[in-house]
Amino acid sequence: MQAQVEEFHGQCPYCGEGILMLIDTSAGSRHYIEDCSVCCRPIQVLVSIDLTGEWQVQLKHENDV
């Protein structure tokens, strides 16, 4: 399967700055940690992809449940 990379424009949950992330939507639903490109704090990235291929991203503090 070839990678399908999409741009996601979000807001850092720590510093509030707008950030750009590249999301690999071919990898399915998952979560991982990525550092903010502005303040360098660890952001929990939750990627959800439904059966139709629509995707959503949520950004949370590292320790949020």
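The values are calculated or read from the model by the stated rules, or taken from the named source; none is laboratory data. All values reported here derive from a predicted model rather than from experimental measurement. FYI the Cβ positions are ideal-geometry reconstructions off the backbone, even for glycines, and counts take in every protein chain you see.
Would you confirm whether any residue within the stretch 18-27 is part of a loop (DSSP other than H, G, I, E, B) and either over 17 Å from Glu62 (Cβ atoms) or modelled with pLDDT of 95 or more (or both)? Among the residues of the stretch 18-27, not one is part of a loop (DSSP other than H, G, I, E, B) and either over 17 Å from Glu62 (Cβ atoms) or modelled with pLDDT of 95 or more (or both), which makes the answer no. Restricting the first member to the stretch 8-26 and to residues that are within 17 Å of Glu54 (Cβ to Cβ), and the second to residues that are not in a strand (DSSP E or B), the beta-carbon pairs closer than 7 Å and six or more apart or on different chains are Asp24/Ala3; Asp24/Gln4; Thr25/Gln4; Ser26/Met1; Ser26/Gln2; Ser26/Ala3; Ser26/Gln4. Quick check: anything in the stretch 46-56 in contact with a helix residue (DSSP H, G or I) (Cβ under 8 Å, 6 or more places away or on another chain), outside any strand (DSSP E or B) and surrounded by fewer than 11 Cβ atoms within 10 Å (Cβ to Cβ)? Checked against the condition, which is being in contact with a helix residue (DSSP H, G or I) (Cβ under 8 Å, 6 or more places away or on another chain), outside any strand (DSSP E or B) and surrounded by fewer than 11 Cβ atoms within 10 Å (Cβ to Cβ), the stretch 46-56 yields at least one hit.
Name the pairs whose Cβ atoms lie under 6 Å apart, with the first residue in the stretch 50-65 and closer than 16 Å to Val5 by Cα, the second at pLDDT 90 or above and among the small types (Gly, Ala, Ser), and 6 or more positions between them or separate chains? Correct list of pairs: Gln56/Ser48.
Has the stretch 32-45 got at least one residue that is surrounded by fewer than 12 Cβ atoms within 10 Å (Cβ to Cβ), among the aliphatic types (A, V, I, L, M), assigned to a strand (DSSP E or B) and touching a strand residue (DSSP E or B) at 6+ places or on another chain (Cβ under 6 Å)? Looking for residues that are surrounded by fewer than 12 Cβ atoms within 10 Å (Cβ to Cβ), among the aliphatic types (A, V, I, L, M), assigned to a strand (DSSP E or B) and touching a strand residue (DSSP E or B) at 6+ places or on another chain (Cβ under 6 Å), one finds at least one in the stretch 32-45, hence yes.
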